[in-house]
1. What do you reckon, is residue 164 within 16 Å of residue 13 (Cα to Cα) and touching a residue at least 24 places away in the same chain (Cβ under 8 Å)?
2. So is residue 4 assigned to a helix (DSSP H, G or I), free of Cβ contacts under 8 Å to residues at least 24 places away in the same chain, closer than 26 Å to residue 183 by Cα and of a type in the set (D, E, K, R) or not?
3. Looking only at the stretch 69-91, decide whether some residue is among the β-branched types (Val, Ile, Thr) and within 12 Å of the chain's Cα centre (by Cα).
4. Counting just the residues of the stretch 38-68 that are touching a residue at least 40 places away in the same chain (Cβ under 8 Å) and among the basic types (Lys, Arg), which one comes out nearest to residue 136 (Cα to Cα)?
5. Out of curiosity, is residue 77 open to solvent by 30 Å² or more (accessible area, probe 1.4 Å), modelled with pLDDT under 90 and not in a helix (DSSP H, G or I)?
6. Please enumerate the residues belonging to the stretch 133-175 that are of a type in the set (Val, Ile, Thr), at pLDDT 90 or above and under 18 Å from residue 16 (Cβ atoms).
7. Spot the failing condition for residue 119; the list is (1) assigned to a helix (DSSP H, G or I); (2) within 24 Å of residue 18 (Cα to Cα); (3) open to solvent by less than 50 Å² (accessible area, probe 1.4 Å), and only one is missed.
8. Tally time: how many residues in the stretch 13-28 are assigned to a strand (DSSP E or B) and closer than 20 Å to residue 63 by Cβ?
Amino acid sequence: TFHELFKTDRNALICAPSGSGKTACAEFAILRMLVTDPRGKAVYVTPKNETAGHTFDSWKTRFGSILQSDQVVKLTGETASDLRLLAGAKIIVCTVKQWDSLSRRWRQRKAVQAVSLCIVDDLHFLGGDVGPSMEVVISRMRYISSQKQQNGGKSASALLRMVGLSASIANAREVGEWMGVPSKG
């Protein structure tokens with residue numbers, strides 16, 4: 001798993017029980033992005049505001065020693081201030097609802113286009129109330145990824161890597177294929 005997340009730029013899906021280190025997996029992908037794409041941005045999307053708050057506090061401390069204080073941000077839900085936060089950030093933490101709202105007009109928002117890593121946590125909620133919004137966000141990010149590849153080729157800034165985190169799910173293979181995760185055979 002470490003090799004896949006830190007040594008490659010391939011999309012990935014990690015399904016494991018709570019408390020087993022999925023957030024550390026996301027951190028490996030972020031470190032990869034920071035090393036390979038100096039202009040890149042990572043967005044971490046989760047259905048729950050509590051999870052977003054906890055992750056933001058943790059990453060503000062953890063990545064604070066290698067990034068400037070305003071480069072790890074948590075979105076507020078207020079579009080104008082979120083766009084300002086997004087412009088200078090390297091790591092963005094938000095809820096599905098916040099990212100859905102901000103990324104809807106992605107063609108007009110250079111900061112959204114600059115995202116090179118999208119981490120979607122709690123994918124096991126796809127079947128719940130927030131599921132439709134999660135589907136829209138993931139589908140939109142996959143579409144943005146395809147557009148970036150068509151227009152920019154294979155450079156690091158032209159890629160948008162997807163990393164999904166979930167508790168165990170019955171249809172992990174289908175979810176992985178939908179997210180563009182390469183098959184392991």
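1. The answer is yes for residue 164.
2. yes
3. Yes: the stretch 69-91 contains one or more residues that are among the β-branched types (Val, Ile, Thr) and within 12 Å of the chain's Cα centre (by Cα).
4. Among residues in the stretch 38-68 that are touching a residue at least 40 places away in the same chain (Cβ under 8 Å) and among the basic types (Lys, Arg), the one nearest to residue 136 (Cα to Cα) is 48.
5. no
6. Selection gives 163, 175.
7. Here residue 119 clears every test but (1).
8. 1
The values are calculated or read from the model by the stated rules, or taken from the named source; none is laboratory data. Remember, it's a predicted structure, so these values are computed and weren't measured experimentally. Quick reminder, even Gly has a Cβ in these numbers, built from the backbone with ideal geometry, and neighbours come from all protein chains shown. Heads up: the accessible areas ignore ligands, DNA and RNA and are worked out on the full protein's heavy atoms, side chains in. Shrake-Rupley method; radii C 1.70, N 1.55, O 1.52, S 1.80 Å.
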